[in-house]
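Each reported figure results from applying straightforward, stated rules to the coordinates on display, with no laboratory input. A quick note: this is a predicted structure, and the numbers were derived from the prediction, not measured. Methodologically, a virtual Cβ is constructed for each residue, glycine included, from the backbone with ideal geometry; neighbour enumeration extends over all protein chains shown.
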Amino acid sequence: APGAGRIRQGDRDKAYRPLPVAARREAFEAGLAAYARGDYFEAHEALEPAWMGSDDLAERALHQGLIKVAAGYVHAVRGNPAGIVKNLEGARRHLALSEPAARAWGVDIPTLLADLDARLAEPDVIATIPAPEIRRTPSA
């Protein structure tokens, strides 16, 4: 795709496929809708264009963190507690870096981080704890 390339995110180069904000917003909303109905694989897939489409590191952190939350619950459906833990830990790292994008995209990150921490504190039963709700806030 024209303009496709790589962007440094953390300590690694990641895919960058520029996408207008309206298209990123559409992918984001589709991803959150899929997550809300419990279709975690579809949520993960739907959020990827939003993540890869921005060169704003905080926005990328938000989308990648949400992708990892969804991926964690793909592992829950498959009965893989280690996969849940690994993905939720990764999600937590990304989401902690997502301000001010989280405000602009209307995601309640403090509540989501608290919900992730509560689940990560119970690794022996994490597969039995329902996925956290991704709560919305008024966007800036």
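What full-extension length gain, to one decimal in nm, is calculated for ASP56 and SER139 as 0.36 nm per residue of separation minus the Cα-Cα distance?
Net length gain for the segment: 28.2 nm.
Compute a Gaussian network model of the chain, connecting alpha carbons closer than 10 Å, and tell me which residue from ALA15, ALA82, ALA121 fluctuates the most.
For the chain, modelled as a Gaussian network with Cα springs under 10 Å, the answer is ALA121.
Would you mind telling me which residue in VAL21, VAL107, VAL77 has the biggest mean-square fluctuation in a Gaussian network model of the chain, where springs connect alpha carbons within a distance under 10 angstrom?
VAL21
Report the FRET efficiency, 1/(1 + (r/R0)^6), for ASP13 and ALA82, where r is their Cβ-Cβ distance and R0 is 30 Å, rounded to 0.05.
Rounded to the nearest 0.05, the efficiency is 0.65.
Specify, per residue and in Å³, the volume enclosed by the convex hull of the alpha carbon atoms belonging to the chain.
Looking at the chain, the number lands at 100 Å³ per residue.
Step through the residues of the stretch 122-137 one at a time and calculate ³J(HN,Hα) from phi using the Karplus curve (6.51 cos²θ - 1.76 cosθ + 1.60, θ = phi - 60°), rounding each to whole Hz and writing x for Gly and Pro.
10, x, 6, 10, 4, 5, 9, 8, x, 4, x, 6, 9, 7, 9, 10
Tell me which residues come under 5 Å, amide H to amide H, from VAL107 once H is placed; ignore anything under 5 positions away on its chain.
HN-HN under 5 Å from VAL107: THR137.
Note the full-extension length gain between ALA33 and THR111 as 0.36 nm times their separation in residues minus their Cα-Cα distance, in nm to one decimal.
26.2 nm
Given H placed 1.01 Å from N in the peptide plane, which residues other than close sequence neighbours of LYS14 have an amide H under 5 Å from its amide H?
ILE7, ARG8, GLN9
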